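The values are calculated or read from the model by the stated rules, or taken from the named source; none is laboratory data. Keep in mind the model is a prediction, meaning the values are calculated, not measured. For neighbour counting, all protein chains shown are included, and Cβ atoms are generated from backbone atoms with ideal geometry for every residue, glycine included. Surface areas here come from the heavy atoms of the whole protein model, side chains and all, with no ligands, DNA or RNA. Shrake-Rupley method; radii C 1.70, N 1.55, O 1.52, S 1.80 Å.
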Amino acid sequence: MEQIVAAIIGGFLAAGTGWFLQTRQESSRLNRLKKMLLTGICDDLRSSVETYSRVQEEWDKSQTVWFTTLNEIRESRQTYLKNRDHLVLLDDESLRQKIFRYYQKSGDQLNLLENNQRRKYEIVAKLNELVRDIQLRDSTLPREDAAKQAIALMSAEDQELIGINNALPGAILKVRDFRADAKELLNEIQSNHDA
C-alpha cells in the first residue's frame, strides 16, 4: 500500500513539476517576445527620427517628397507591422495606445505625402505631354504659349495641382511633429521598459 501511495504522490509531484516548468517556459517565452517587440520598435523609432529629418531636408532643397525616403521609413516599420498583434503583451495600456496611434497617424501621413507627390507627378506629366502635342501641331508656337494653352485645357488639374502645392508644405510640417513623437515614444519605452 505504501508503494501505491508513494507512486501516487510521485505522480502528483511529477505532474506538478511538469506543469510548473511548462508555465515558467511559456512565461519566459512571452517575456522574450515582448522584449524583442519593444527592441524592434525602438530600432524603428531611432531610424525614423533620422529619416523624418531627411524628408524635411529633401523638401527644403527640392520641394519634392522622395519616395525612396518614404519607403525607407516603411521598411523600418516591419517589426511593428508583422507583430502588432503582440502589442497585447504590454501591460501598460497607455503605452500600447501611444504606439498604436503613432504608427496609425504617421502611416496615414506618409501615405498622404506619397499620394500627393504621385498625383503632382501625374499632372505635370500630362501637362508636358499636352504641351508636346500642341507644339507638334504647331511647330512655330513657343513653349510658353503652348504651356498656356495646355493649362487652359487642364483647368481642373491645374486647380488640383494648386491645392496639392498648397497642402504639401503643411504635410511636411506634420512629419516634423512625428519626429518629435517618435523621440518621445522612444524615451518612454527606454525609460520604463529597458528595451
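Take the range 142-195 with all the other protein chains still there, run a 1.4 Å probe, and you get 60 Å² of accessible area per residue.
A convex hull fitted to the Cα coordinates of the chain yields 157 cubic angstrom per residue. The N115 and E58 beta-carbon pair, evaluated with R₀ = 22 Å, returns a calculated FRET efficiency of approximately 0.80. Projected label points at I4 and E72, each 7 Å from Cα along the beta carbon direction, are separated by 7.6 nanometres. Just the protein heavy atoms count here, and of the accessible area of the chain at 1.4 Å, carbon and sulfur take up 54 percent. With respect to the chain, whose longest principal axis is taken over its alpha-carbon atoms, helix 143-153 is tilted by about 70°. Between 0 and 90 degrees, the angle of helix 93-137 with respect to the longest Cα principal axis of the chain falls at about 20 degrees. The long axis of helix 67-76 is offset from the longest Cα principal axis of the chain by roughly 0 degrees. Of the peptides 91-99, 72-80, the order by per-residue mean of other Cβ atoms within 10 Å, starting with the highest, comes out as 72-80, 91-99.
Stokes-Einstein, applied to the Kirkwood radius of the range 125-195 over Cα pairs at a viscosity of 0.890 mPa s and 25 °C, places its translational diffusion at 156 µm² s⁻¹.
Once both labels are positioned 7 Å from their Cα atoms along Cα-to-Cβ, the gap between E184 and K105 label points is 0.7 nm. Classified by the C-alpha gyration tensor, the range 112-159 has a prolate form. Its axis ratio a/c, with a ≥ b ≥ c, is 1.5 or above, and a/b is larger than b/c.
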